[in-house]
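*Asks:* The structure follows.
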Amino acid sequence: MTNYDMDELRRRGEIPNEVEKRREFAKDIIESEKNKKTSSVEIGKEEEPWMAVDIELKDEDFMRIAKEAQKRDITFNKMVNIILKGGIKDAQYKFEHDSKPQLLNEEYNY
C-alpha cells in the first residue's frame, strides 16, 4: 500500500526522501569518524613476559600438583606458577631476614 500523503509531502520538499535521509546519516557518520582520535592498541602490552621452562617431576609430585590444581579448578601450568611464585617469595623473605630467631622483650615504663 502506498501512503499518498507522504508522497505528496516529499514532492513538495517538506519531508526529505529516503535517499536524502541516508546521505545525511552517512555524512554524520563520516564526520564523527573524522573527529575521532585514532588510537593504536598494543597486543600483549599489559601482559607479563613469560619464559617456557622444562622441568622434570617425580610421578608422585606430579599427581599431588595435578590434584591440587583440580581442587582449585585451574590448569596444571597455573598451579605450577603459583607454587613457583610462592617459593620465590619465601626465598626473598628468608634472604631479607636473618634465619636466627630473635627474642623481643617489651619493657613498660609507667
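The values are calculated or read from the model by the stated rules, or taken from the named source; none is laboratory data. Keep in mind that what you see is a predicted model, and the values were worked out from it rather than measured. Every residue, glycine as well, gets a Cβ built from its backbone with ideal geometry; the counts of neighbours run over all protein chains shown.
*Asks:* Kindly indicate the residue of the stretch 66-106 that is β-branched (V, I, T) and modelled with pLDDT of 90 or more and also surrounded by the most Cβ atoms within 10 Å (Cβ to Cβ) among those meeting that condition. I'd like the intermediate steps shown before the answer.
*Replies:* Residues of the stretch 66-106 that are β-branched (V, I, T), as a first pass: 74-75, 80, 82-83, 88.
Still in the running and modelled with pLDDT of 90 or more: 74-75, 80, 82-83.
Details: I74: 13, T75: 12, V80: 17, I82: 15, I83: 13.
Selected residue: V80.
*Asks:* I've got another one for you. Quick one: what pairs do we get from the stretch 2-17, first residue at pLDDT 70 or above, second not β-branched (V, I, T), C-beta under 7 Å, 6+ apart or different chains?
*Replies:* R10/N17
*Asks:* On the given criteria, is G44 at pLDDT below 75 and exposed (fewer than 11 other Cβ atoms within 10 Å of the Cβ)?
*Replies:* Values: at pLDDT below 75: yes; exposed (fewer than 11 other Cβ atoms within 10 Å of the Cβ): yes.
So G44 passes the test.
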